[in-house]
There are 2 protein chains.
Amino acid sequence: MSSPAPIKSFTLKKTEGRARTGSYLTAHGAFETPNFMPVGTRGSVKGVDCERLRELGAQITLVNTYHLWLRPGPSVVRALGDIHRFMNWSGPVLSDSGGFQVFSLEGMRTLKEEGVEFRSHIDGAKCFLSPEISIQIQEELGVDIAMVLDECPKAGQDESAIKKSLDMTLRWAKRSLEARRSENTAVFGITQGGLFPHLREYAAQKLAELDFDGYAIGGLSVGEKKEDMYSVLSYHPVHLPEQKIRYLMGVGTPEDIVEAVHSGVDLFDCVMPTRAGRFGRAFVRGDEVQINIKNAQFVTDQSPLDPTCSCIACRSYPRGYINHLFRVGEMLGPQLVSIHNLTHYLDLMRGIRSAIAEGRYERFYAAEKARWRTGGGAPDDGAN
Amino acid sequence: MSSPAPIKSFTLKKTEGRARTGSYLTAHGAFETPNFMPVGTRGSVKGVDCERLRELGAQITLVNTYHLWLRPGPSVVRALGDIHRFMNWSGPVLSDSGGFQVFSLEGMRTLKEEGVEFRSHIDGAKCFLSPEISIQIQEELGVDIAMVLDECPKAGQDESAIKKSLDMTLRWAKRSLEARRSENTAVFGITQGGLFPHLREYAAQKLAELDFDGYAIGGLSVGEKKEDMYSVLSYHPVHLPEQKIRYLMGVGTPEDIVEAVHSGVDLFDCVMPTRAGRFGRAFVRGDEVQINIKNAQFVTDQSPLDPTCSCIACRSYPRGYINHLFRVGEMLGPQLVSIHNLTHYLDLMRGIRSAIAEGRYERFYAAEKARWRTGGGAPDDGAN
């Protein structure tokens, strides 16, 4: 093999303050950073076919281990090839470990050092997930990047509970690395530690002692206040190894992303663009940051969702038509606004990468923050 | 104007037995016949964006006057341009008159000579539809082909009731023609007469005395037995003027279409391809005529829905993946099978046109009928 960069490696290209551009190479090609992963929980980015997904410029997608494990099961995915063949996505795929979903099953799970016993949300069947099983499932799916199984503790717990949970997460991280079998699957560690700075630092140090292919920040955007999340971002990403990719899990609004990049984060995922899209909320550029296309003001609006956007919704349809689709319950409405929002996010990431490459990220950041301050802020209708 | 064929005109090209090929010219271009119109009831072919709609080879689409009248209303469509701009479909558009929907509102409507009073299915608001109002709405929408308002009597009524209804429909047809104002909107008459041959002939004769731009057969595929519909097809299409286009409304399965073309019909519409698609039923070529992709036998099936099809579903995804999408309730499943079925129908129409053009429709017809006899026949799960 004479490949210039080995797979599972991050190449840092340029920094501006804490913000960085780079690229990450996988067995299914490279993606540039900072980047955003459209979420295909069950192996499908909701309402978006693979050709549209490529068209909007996605370079990597995310799937969910918990959901694909239960249905259709990794053996079915394997029988159809692997996750790439299954969903016809030839680029990089990252899977989360399933931990977040399992730990959301309150009252239906029992946590032990060995792993977590739970009942399937589909049929109540008894299941058992451990760090080793999670890695095994992810390797069987054939993803390019697997996440370790971690415990994401409930917000608001006291420090000793968070520390206890974190220590188990760190032991699980080590077990995850030892469980890896595939040469082609990168494994990323995840920090926890709640909102406690020294626990976050401790988590980062302990994980850095293990040779992960990348490092993720977990346990944010799980119900805490925005200022609390931003506080963690102000000190925590730089705890993580500089030469490795940094991934902030499950975040967030465009404002959150701009903030996190400013703090040194490289990779993101969030259901927000597609979930907001299904509710008719479109992210836009300009004075407003978001519009609700269902509002009466758009009934006879001839302009596109966002005149600066080139997605199929914006190049083909007036706002009035999309308003109509939502009012009469046509599925094309959610499809179009989801595609638009994903395009908005991926355009944002391209803009961020260019700004850092050209040494003007500080200005980009300030302008975007100002726009969010005056433009109405983040969505607050429970659909985020 | 030195255009070779005037708009609103049908050009007969070739016949084989009763089957015909031709083309119909509208203010938004021509479509070839025999042809099938994807149904965009509320101005959207369910789950299919305008680019995919063009890709699958549709030459004309259908919208529903009743639904667009109530929401968003013709004035809103007008404010956004016309129906073509509204739904971004630059080709021909035909609208039905709204009669079928209004007469389905049993117990919520009162029929008078002047028109029909009814309550909106959305908010119970009192509405009034007459032949004149229907034409006016359709012209305001800016469609290329408007259908007259007719009464579609319930199946199983006695001859005198059907005759009485038919006579009113014929008076309404005359009023519809007198109500036309737009040069660019063709108006098609509709025959009724139930399953009575002499009433069907009478309807055709009376309508032929009026100068319609095309003639439709109404009141079929409304719950009667298949052999009863085929019986009407055996004698009725040839009652209609030979030099005008003949449209069989709301029909049907691929087998029905092949049968009706054999009887001299030129144009079709039906919700079947998209409705069946939403239920996971895919039309295929080969030994079977239809498969239910939700069936367990397809869980690990690596082949496409139909290896002879070039639609996005067939060129991109294995059956096993589409099975998975339906099992987990992902909207991409209905989208893909709807697009596949529409492609199947439009490929069928292309095949029919080629067969007639090349003088081999009789063989084509016999082969397709044989395939349906042995291949399992029409869907019967209530979703057609």
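The values are calculated or read from the model by the stated rules, or taken from the named source; none is laboratory data. Treat the numbers as computed from the prediction; the structure is a model and nothing was measured. Positions of Cβ are generated from backbone atoms using ideal geometry, with glycine treated the same way; all protein chains shown enter the neighbour counts. Quick note on the areas: whole protein, heavy atoms, side chains included, nothing else; ligands and nucleic acids left out. Shrake-Rupley method; radii C 1.70, N 1.55, O 1.52, S 1.80 Å.
Select from the range A:230-260 the residues that are assigned to a helix (DSSP H, G or I), out of contact with any His (no Cβ under 9 Å at 6 or more places or on another chain) and open to solvent by less than 10 Å² (accessible area, probe 1.4 Å) and list them in ascending order. Can you show your working first?
As a first pass, look at the range A:230-260 and keep what is assigned to a helix (DSSP H, G or I): A:230-235, A:237-239, A:254-260.
Then drop every residue that is not out of contact with any His (no Cβ under 9 Å at 6 or more places or on another chain), which leaves A:230-232, A:234-235, A:237-239, A:255-260.
Of everything in the range A:230-260, those that are assigned to a helix (DSSP H, G or I), out of contact with any His (no Cβ under 9 Å at 6 or more places or on another chain) and open to solvent by less than 10 Å² (accessible area, probe 1.4 Å) turn out to be A:V232, A:P237, A:I257, A:V258, A:A260.
The set of residues in the range B:116-145 that are small (G, A, S), surrounded by fewer than 22 Cβ atoms within 10 Å (Cβ to Cβ) and at negative phi comprises B:S120, B:A125, B:S130. Within the range B:139-158, does at least one residue satisfy the condition of being among the hydrophobic types (A, V, I, L, M, F, W, C), assigned to a strand (DSSP E or B) and at pLDDT below 95? Scanning the range B:139-158 turns up no residue that is among the hydrophobic types (A, V, I, L, M, F, W, C), assigned to a strand (DSSP E or B) and at pLDDT below 95.
Take the residues in the range A:205-229 that are touching a strand residue (DSSP E or B) at 6+ places or on another chain (Cβ under 6 Å) and not in a loop (DSSP other than H, G, I, E, B), then tell me which one is nearest to A:L25 (Cα to Cα). Across the range A:205-229, the extreme among qualifying residues is A:G214. Residues in the range B:122-134: is at least one of a type in the set (A, V, I, L, M, F, W, C), part of a helix (DSSP H, G or I), modelled with pLDDT of 95 or more and under 30 Å from B:G333 (Cα atoms)? Looking through the range B:122-134, none of the residues is of a type in the set (A, V, I, L, M, F, W, C), part of a helix (DSSP H, G or I), modelled with pLDDT of 95 or more and under 30 Å from B:G333 (Cα atoms).
Residues in the range B:195-218 that are of a type in the set (D, E, K, R) and either open to solvent by less than 60 Å² (accessible area, probe 1.4 Å) or over 19 Å from B:E151 (Cβ atoms) (or both): B:R200, B:E209, B:D211, B:D213. Per the conditions (1) surrounded by fewer than 24 Cβ atoms within 10 Å (Cβ to Cβ); (2) closer than 23 Å to A:N64 by Cα, the sole criterion not satisfied by A:V265 is (1). A count restricted to the range B:349-383 and to residues that are modelled with pLDDT under 95 and in contact with a strand residue (DSSP E or B) (Cβ under 9 Å, 6 or more places away or on another chain) stands at 7. Inspection of the range A:121-130 finds a residue satisfying the criterion of being of a type in the set (D, E, K, R) and over 21 Å from the mean Cα position of the chain (by Cα).
Checking each residue in the range B:69-115 for being over 26 Å from B:L248 (Cα atoms) and small (G, A, S) picks out B:G73, B:S75, B:A79, B:G81, B:G107.
Restricting attention to the range A:318-343, the residues being closer than 18 Å to A:D301 by Cβ and open to solvent by 10 Å² or more (accessible area, probe 1.4 Å) number 5. Every condition in (1) open to solvent by 50 Å² or more (accessible area, probe 1.4 Å); (2) modelled with pLDDT of 95 or more holds for B:S221 except the one numbered (2). Is it true that some residue in the range B:174-193 is aliphatic (A, V, I, L, M), open to solvent by 20 Å² or more (accessible area, probe 1.4 Å), out of contact with any strand residue (DSSP E or B) (no Cβ under 7 Å at 6 or more places or on another chain) and in contact (Cβ under 8 Å) with a residue 24 or more places away in the chain? No, there is no match, as no residue in the range B:174-193 is aliphatic (A, V, I, L, M), open to solvent by 20 Å² or more (accessible area, probe 1.4 Å), out of contact with any strand residue (DSSP E or B) (no Cβ under 7 Å at 6 or more places or on another chain) and in contact (Cβ under 8 Å) with a residue 24 or more places away in the chain.
Within the range A:182-204, being assigned to a strand (DSSP E or B) and of a type in the set (V, I, T) holds for A:V187, A:I190, A:T191. Taken together, A:I322, A:I339 contain a single residue that is closer than 21 Å to B:G81 by Cβ and of a type in the set (V, I, T), which is A:I322. Sub-7 Å Cβ pairs linking a first residue in the range B:238-263 that is more than 12 Å from B:F188 (Cβ to Cβ) to a second residue that is outside any helix (DSSP H, G or I) and among the acidic types (D, E), at least 6 apart or interchain, are B:G250/B:D269, ordered by first then second residue. Please enumerate the residues belonging to the range A:299-315 that are in contact with a Lys or Arg (Cβ under 8 Å, 6 or more places away or on another chain) and open to solvent by 10 Å² or more (accessible area, probe 1.4 Å). Hits for the range A:299-315 are A:D301, A:Q302, A:S303, A:P304, A:T308, A:C309.
Does the range A:135-153 hold any residues that are of a type in the set (D, E, K, R) and in contact (Cβ under 8 Å) with a residue 60 or more places away in the chain, and which are they? I'd like the intermediate steps shown before the answer.
From the range A:135-153, those of a type in the set (D, E, K, R) are A:139-140, A:144, A:150-151; that's our starting set.
Matches in the range A:135-153: A:E140, A:D144, A:D150.
Selection of the range B:3-15 for residues being on the phi < 0 side of the Ramachandran plot, open to solvent by 30 Å² or more (accessible area, probe 1.4 Å) and touching a residue at least 40 places away in the same chain (Cβ under 8 Å) yields B:I7, B:L12, B:K13, B:K14, B:T15.
Every condition in (1) within 25 Å of the chain's Cα centre (by Cα); (2) within 14 Å of chain A (Cβ to nearest Cβ) is met by B:R109 except one, and the failing one is (2).
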